[in-house]
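Quick notes on the structure that follows.
The values are calculated or read from the model by the stated rules, or taken from the named source; none is laboratory data. Just so it is clear, the model here is predicted, and its values are computed rather than measured. Because the Cβ atoms are built from the backbone with ideal geometry, glycine has one as well, and the counts that use them run over all protein chains shown.
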Amino acid sequence: MPKLIIGVLAVLLLAIVSLFIGVSDVTPMSLFSSSPEDRPMQVLLISRIPRTLALILSGSALAVAGLLMQMLARNRFVEPGTAGTVESAIFGILLITILWPASPLLAKMLAATVTALLGTALFMQILRRIPLRSTLMVPLVGIMLGGVIASVTDFFAYRLDLLQTLGTWQLGDFSSVLRGRYELLWIGALLVGIAWYAADRFTVAGLGQDFTTNLGLNYRRVLTLGLSIVAMVTATVVVSVGTIPFLGLIVPNLVAMAVGDNARRAIPWIVLLGAGFVLICDIIGRVIRFPYEIPIGTVFGVIGSALFLYLLLRRRPADA
């Protein structure tokens, strides 16, 4: 418990730092000396606080979604970005954009949830039908499936002159987050709470269908709940801020090294580490070329790929 408290304080410290980084002159002194109608306070309320909350909510929710994917697929190298879930969500957003151009964010989220759930279910069905001799084959299958879905999405976007619009969902970027444009991410926080409530069921389901059935649990029901949470989390994050690569893969693996595979024990740490990672990468992207900003998807792509290679090489001897 003391370590968790230290983790919470560290995330709060990063959040406070995030509040005071940017082009606009917002400092603690300017806030104390200004009224609610002045520019510094308005920037804080309309832009900085929503952005920081969006970073925390999206980072923690995506990290927990990665844990669920790894448990249900029984593979440490699976996450929404390596299972076709993200690509399926983007396809759903493009589809509703074509059919209903003026659709609100909630409608886009629902469409993305449906297609993300279908894409993830297809990935799970493929895994059941293909004999896999190595754990490394599982993410490769997901990456290939995601590539096919992404190609179909790019084809329709190109034919309908929507490639630039499509790019807003393919790269994680928090620079446009304002009050009134991030609130869907609170759904992700609710889903994280549901995942923690059902954590013991997901831990058992991660041991396999036969073991789960012998303990009296309905494996298909647990699987459906888990995949639904993954699909909804992915949809809300992609619709609100775009994609953040490797987050759902890196964070659960790092936490598993320290606390093991028990989901109930791991989820609080995954929430903190996911939020902290996203905050750090966002701060790096905002200061490395100040006053310009590098999208967080690019920053995390570089850091996440390096950590992914480390995990890959670390696991290789065991898989051999």
### Task
Take residue 173 and decide whether it is farther than 27 Å from residue 270 by Cα and modelled with pLDDT under 95.
no
### Query
Picking from 123, 156, which residue would you name as being within 14 Å of residue 87 (Cβ to Cβ), of a type outside the set (A, V, I, L, M) and within 19 Å of the chain's Cα centre (by Cα)?
123
### Query
Going by the conditions given, is residue 217 over 16 Å from the mean Cα position of the chain (by Cα), in a loop (DSSP other than H, G, I, E, B) and more than 30 Å from residue 310 (Cα to Cα)?
yes
### Query
Within region 163-190, which residues are touching a Ser or Thr at 6+ places or on another chain (Cβ under 8 Å) and in a helix (DSSP H, G or I)?
165, 166, 169, 170, 185, 187, 188, 189
### Unique residue being loosely packed, with under 12 Cβ neighbours inside 10 Å, within 18 Å of residue 235 (Cα to Cα) and either in contact with a helix residue (DSSP H, G or I) (Cβ under 9 Å, 6 or more places away or on another chain) or free of Cβ contacts under 8 Å to residues at least 12 places away in the same chain (or both) when the list is 172, 180
180
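To keep it simple, each residue is scored yes or no on (1) in contact with an Asp or Glu (Cβ under 6 Å, 6 or more places away or on another chain); (2) at pLDDT below 95; (3) closer than 27 Å to residue 51 by Cα.
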site: 253; (1), (2), (3): no, yes, yes
site: 293; (1), (2), (3): no, yes, yes
site: 296; (1), (2), (3): yes, yes, yes
site: 303; (1), (2), (3): no, yes, yes
site: 319; (1), (2), (3): no, yes, no
### Query
Between residues in region 2-20 that are free of Cβ contacts under 8 Å to residues at least 40 places away in the same chain and residues that are charged (D, E, K, R) and surrounded by 11 or more Cβ atoms within 10 Å (Cβ to Cβ), which pairs lie under 9 Å by C-beta distance while being six or more apart or on different chains?
19/48; 19/51; 20/48
### Query
Looking only at helices (runs of 4 or more DSSP H) that fall completely inside region 231-320, which ones have 1 or more residues that are β-branched (Val, Ile, Thr), under 16 Å from the mean Cα position of the chain (by Cα) and surrounded by fewer than 23 Cβ atoms within 10 Å (Cβ to Cβ)?
263-287, 296-319
### Message
Could you check region 291-306 and list, in sequence order, the residues that are in contact (Cβ under 8 Å) with a residue 60 or more places away in the chain and aromatic (Phe, Trp, Tyr)?
### Response
300
### Query
touching a residue at least 40 places away in the same chain (Cβ under 8 Å), more than 14 Å from the chain's Cα centre (by Cα) and surrounded by fewer than 15 Cβ atoms within 10 Å (Cβ to Cβ), is that true of residue 46?
yes
